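Quick notes on the structure that follows.
The values are calculated or read from the model by the stated rules, or taken from the named source; none is laboratory data. These figures come from a predicted structure and were not determined experimentally. Backbone-built Cβ (ideal geometry, glycine too); neighbour counts: all protein chains shown.
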Amino acid sequence: MTMNIHQGTSAAAGCAVRRPLRRMMALALAATSCVGMLAGCGQAKGEAEQGGDTNVITAYDTEPQSPLVPGDTNETGGGKPIGLLFSELVRFDQSGKAVNEVAESISPDASLTTYTIKLKPGFKFSDGTPVTAKSFTRAWSYTANAKDAQKGTSYLTKIKGYRDLQDASRLKGDEQLSGLHVVDARTFTVELESPDATFPIKVGCSAFAPLPDAFFKDPKGFGQHPIGDGPYKFASWDHDSAIKLVKNPYYHGGRKVSNAGVTFKIYTSDQAAYSDVQGGRLDVMEIVPAADSKSFRTDPEVTAYNKPGSRLSMLGLTSRLPHFEARTQEGTLRRQAVSMAIDRKAIINKILNGTATPAKEFTSPLIPGYSDSLPGNDVLDYNPQKAKELWAKAEAIDKDTDPLVITYDSDSGLKPVYDAIANSITNTIGLKVKTNPMPTFKEYRSAVEARKVVGATRYDWTPEYPSPEAYLFQHFDTRTAHGAGANDTDYLNPDFDTYMDRAYAATSSAEADKVYQDSQAIILKDLPVIPLYYNNAHGVGAKGVKGFAMDWSNNIVYERLSK
């Protein structure tokens, strides 16, 4: 799934190239292989035991917000181990190209409303039990069922029967999606409510991971000791200290593992983690503290990585924020004024030291269909005079004497960024802006998901599959609001929803890309969130670590690392 991210300034490497639908299909259907997530920063609370094997990789992480269940994980604290513990029907190579993983084939009918999925033989979970068609259909139904309250439910909205599973008061929790049908142990079909050309790529998201029978016997216990079908096997989770993974002997997919395991060390300070990389006490981290963003590329104590990425940083504005209410005349004027009052280039140059690029729209340059010249995107340019004019018009409608409060997690290392954003807004339009850092990413995300944060928020996103849909539908469609997905601002606009339906019904990627581009005219006006910048994929590795690289979605390719 696409993931909300907590990491301060990191981003993914590689390029997602634009290609015709038939070729996209072929890539996903060839007999070869979601969250976004929220990432976090921190100071180590405990040292992970590595045993006697010197080829165990230690990696930076934050304490997961939720138990380690793929359908209930939409942030990188849990997303990083989930990505190594589970394999989906397709995976994405370093450049974002879709390759069959568990799937032998994914075959659509002519209308793109029914897909027949054939699994490769021999795939097993780390407990030795086979991965079957039922492993997928039961898992997807569990994630879709409102009674189970899974964060990844919105990725299943297109499957027939999804709407029947959304009234939790009438459900037991074991109801199945009516659009899923098991043909035999290795074959199942998927009926969709309407065409979806993105489906063969979307199934690479962790919300579509299979689950073993053991999960359904004890979902709560499983989240603390997960059993997956990925290249690594769960060993232990010492909360607030470390998550240990070892090589999975049953895995025979396409991800070649070059180490004996990965130990994710939990931090609450990215600066402490960076110091540990310099001292050889931590092997890799996929972020760089703001204080080191200028010097890390020439730091002789680390191996640096810095390339364009797909991560989009935004300023969230909840739809219910007084005087900023979404889709009202006053609210729209204020949102546009605030956007034009933010000097993105100055923040990138002076604080992020050139490790980001000003945002031009709501996807990223590595995603098919991206455009830096969409009509209306001048609202994302720093324009002090226009910002003052818009703010004055809003004030003429109704005076706003309340300060704007920006809430973020203090362990993100982004205090200088949000202080600069606050100062830029205040100095430009006179609006008093306060920052409200919460101690940890876990606390911050829990408050956002519980709708306890009313003002502005840190709102970062990295997609799990290379499609505009992963940004647009997941953030702004009505069906993903009010806890049903990643629409944390609860933005509701039926006109925008109509564009999403048109994009799903498109018969080619070029046609869908055009619809996604057109849909942004609505959100460039309404600004449910304010795009800030695209983070580079940048991180550091300790000296002696081999194979350090990051992929198209800003994640480290952990399986290639060795010492």
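Quick check on my filter: what residues within the stretch 183-205 are at pLDDT 95 or above, buried (at least 16 other Cβ atoms within 10 Å of the Cβ) and either farther than 30 Å from Ile367 by Cβ or among the polar types (S, T, N, Q) (or both)?
Selection gives Arg186, Thr187, Thr189.
Residue check, Asp270 against (1) under 20 Å from the mean Cα position of the chain (by Cα); (2) modelled with pLDDT under 90, all met but one. Which one?
For Asp270, the exception is condition (2).
Which count do you get for residues in the stretch 165-179 that are crowded, with 17+ Cβ neighbours inside 10 Å and out of contact with any Gly (no Cβ under 8 Å at 6 or more places or on another chain)?
2
Here are the criteria: (1) outside any loop (DSSP other than H, G, I, E, B); (2) over 25 Å from Ala149 (Cβ atoms). Tell me which single one His475 does not satisfy.
That leaves (2) as the condition not met.
Out of the residues in the stretch 439-453 meeting the condition of being over 21 Å from Arg334 (Cα atoms), hydrophobic (A, V, I, L, M, F, W, C) and crowded, with 20+ Cβ neighbours inside 10 Å, tell me which one is modelled with the highest pLDDT.
Selected residue: Val448.
State all residues of the stretch 172-182 that are in a loop (DSSP other than H, G, I, E, B) and either touching a strand residue (DSSP E or B) at 6+ places or on another chain (Cβ under 7 Å) or modelled with pLDDT of 95 or more (or both); if no residue qualifies, say none.
Within the stretch 172-182, Glu175, Gln176, Leu177, Ser178, Gly179 qualify.
Matching residues to (1) within 26 Å of Pro195 (Cβ to Cβ); (2) modelled with pLDDT under 95:
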site	(1), (2)
Pro67	no, no
Glu75	no, yes
Ile82	no, no
Arg91	yes, no
Ser95	no, yes
Val102	yes, no
Thr113	yes, yes
Pro121	no, no
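Considering only residues that are modelled with pLDDT of 90 or more and touching a His at 6+ places or on another chain (Cβ under 7 Å), which ones fall in the stretch 481-524?
Asn487, Asp490
Quick one: is Asp196 in contact with a Lys or Arg (Cβ under 6 Å, 6 or more places away or on another chain) and part of a loop (DSSP other than H, G, I, E, B)?
yes
When the stretch 126-164 is examined, which residues are found to be crowded, with 22+ Cβ neighbours inside 10 Å, farther than 22 Å from Leu84 by Cα, of a type outside the set (A, V, I, L, M, F, W, C) and modelled with pLDDT of 95 or more?
Hits for the stretch 126-164 are Ser141, Asn145, Tyr162.
Residue-wise test of (1) touching a helix residue (DSSP H, G or I) at 6+ places or on another chain (Cβ under 9 Å); (2) among the charged types (D, E, K, R); (3) over 18 Å from Gly485 (Cβ atoms).
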{"residue": "Asp127", "(1), (2), (3)": "yes, yes, yes"}
{"residue": "Thr132", "(1), (2), (3)": "no, no, yes"}
{"residue": "Ala139", "(1), (2), (3)": "yes, no, no"}
{"residue": "Asp148", "(1), (2), (3)": "yes, yes, no"}
{"residue": "Leu156", "(1), (2), (3)": "yes, no, no"}
{"residue": "Leu165", "(1), (2), (3)": "yes, no, no"}
{"residue": "Ala168", "(1), (2), (3)": "yes, no, no"}
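I want to confirm something. Restricting to the stretch 62-94 and keeping residues that are under 15 Å from the mean Cα position of the chain (by Cα) and acidic (Asp, Glu), which single residue is farthest from Gly541 (Cα to Cα)?
Result: Asp72.
Among the residues of the stretch 239-251, is any at positive phi, acidic (Asp, Glu), in a loop (DSSP other than H, G, I, E, B) and touching a strand residue (DSSP E or B) at 6+ places or on another chain (Cβ under 6 Å)?
Scanning the stretch 239-251 turns up at least one residue that is at positive phi, acidic (Asp, Glu), in a loop (DSSP other than H, G, I, E, B) and touching a strand residue (DSSP E or B) at 6+ places or on another chain (Cβ under 6 Å).
I'm checking my understanding of the structure. Among residues of the stretch 84-104 that are of a type in the set (D, E, K, R) and not in a strand (DSSP E or B), which one is nearest to Leu68 (Cα to Cα)?
Our first condition is that a residue be of a type in the set (D, E, K, R); within the stretch 84-104, this holds for 88, 91, 93, 97, 101, 104.
Adding the requirement that they be not in a strand (DSSP E or B) leaves 88, 93, 97, 101.
Details: Glu88: 16, Asp93: 23, Lys97: 26, Glu101: 21 Å.
Per the criteria, the residue is Glu88.
Helices (runs of 4 or more DSSP H) wholly in the stretch 311-426 with at least 2 residues that are modelled with pLDDT of 95 or more and under 30 Å from Ala273 (Cβ atoms) - which ones?
The helices (runs of 4 or more DSSP H) meeting that bar are 344-350.
Looking only at the stretch 297-310, which residues are of a type outside the set (S, T, N, Q) and either within 16 Å of Ala549 (Cα to Cα) or touching a helix residue (DSSP H, G or I) at 6+ places or on another chain (Cβ under 8 Å) (or both)?
Arg297, Asp299, Glu301, Val302, Ala304, Tyr305, Lys307, Pro308, Gly309
Give the stretch 454-472 a look and list any residue that's in contact with a Pro (Cβ under 9 Å, 6 or more places away or on another chain), surrounded by 22 or more Cβ atoms within 10 Å (Cβ to Cβ) and in a loop (DSSP other than H, G, I, E, B), or say none.
Result: Pro466, Ser467, Pro468.
Restricted to the stretch 396-409, and to residues that are of a type outside the set (D, E, K, R) and crowded, with 21+ Cβ neighbours inside 10 Å, which residue is nearest to the chain's Cα centre (by Cα)? Can you show your working first?
Initial filter on the stretch 396-409 (of a type outside the set (D, E, K, R)): 396-397, 401, 403-408.
If we keep only those that are crowded, with 21+ Cβ neighbours inside 10 Å as well, we get 404, 406-408.
Details: Leu404: 26, Ile406: 21, Thr407: 19, Tyr408: 17 Å.
Checked the stretch 396-409; the qualifying residue nearest to the chain's Cα centre (by Cα) is Tyr408.
In the stretch 263-310, how many residues are over 23 Å from Pro365 (Cα atoms) and either in a strand (DSSP E or B) or among the hydroxyl-bearing types (Ser, Thr, Tyr) (or both)?
Result for the stretch 263-310: 15.
Residues to consider are Arg311, Arg327, Arg281, Arg335; find the one that is of a type in the set (D, E, K, R), surrounded by fewer than 18 Cβ atoms within 10 Å (Cβ to Cβ) and touching a Phe, Trp or Tyr at 6+ places or on another chain (Cβ under 9 Å). Even if it seems obvious, please write down each step before you answer.
Working: Arg311 fails: surrounded by fewer than 18 Cβ atoms within 10 Å (Cβ to Cβ); Arg281 fails: touching a Phe, Trp or Tyr at 6+ places or on another chain (Cβ under 9 Å); Arg335 fails: surrounded by fewer than 18 Cβ atoms within 10 Å (Cβ to Cβ).
Just one listed residue meets the conditions, Arg327.
Out of contact with any strand residue (DSSP E or B) (no Cβ under 6 Å at 6 or more places or on another chain), among the aromatic types (Phe, Trp, Tyr), buried (at least 24 other Cβ atoms within 10 Å of the Cβ) and closer than 28 Å to Asn555 by Cα: is that true of Tyr491 in this structure? Quick ask: steps written out before the conclusion?
Values: out of contact with any strand residue (DSSP E or B) (no Cβ under 6 Å at 6 or more places or on another chain): yes; among the aromatic types (Phe, Trp, Tyr): yes; buried (at least 24 other Cβ atoms within 10 Å of the Cβ): yes; closer than 28 Å to Asn555 by Cα: no.
No, not satisfied.
Looking at Phe215, is it under 30 Å from Val56 (Cβ atoms) and touching a Leu at 6+ places or on another chain (Cβ under 7 Å)?
It is false that Phe215 is under 30 Å from Val56 (Cβ atoms) and touching a Leu at 6+ places or on another chain (Cβ under 7 Å).
Here is a list: Ser126, Ser107. Which entry is among the small types (Gly, Ala, Ser), more than 25 Å from Leu366 (Cα to Cα) and in a strand (DSSP E or B)?
Ser107
Looking only at residues in the stretch 168-193 that are touching a Lys or Arg at 6+ places or on another chain (Cβ under 9 Å) and acidic (Asp, Glu), which one is farthest from Val69 (Cα to Cα)?
Restricting to residues being touching a Lys or Arg at 6+ places or on another chain (Cβ under 9 Å) and acidic (Asp, Glu), the top hit is Glu193.
Could you go through the stretch 372-380 and let me know if any residue there is buried (at least 22 other Cβ atoms within 10 Å of the Cβ) and among the hydroxyl-bearing types (Ser, Thr, Tyr).
no
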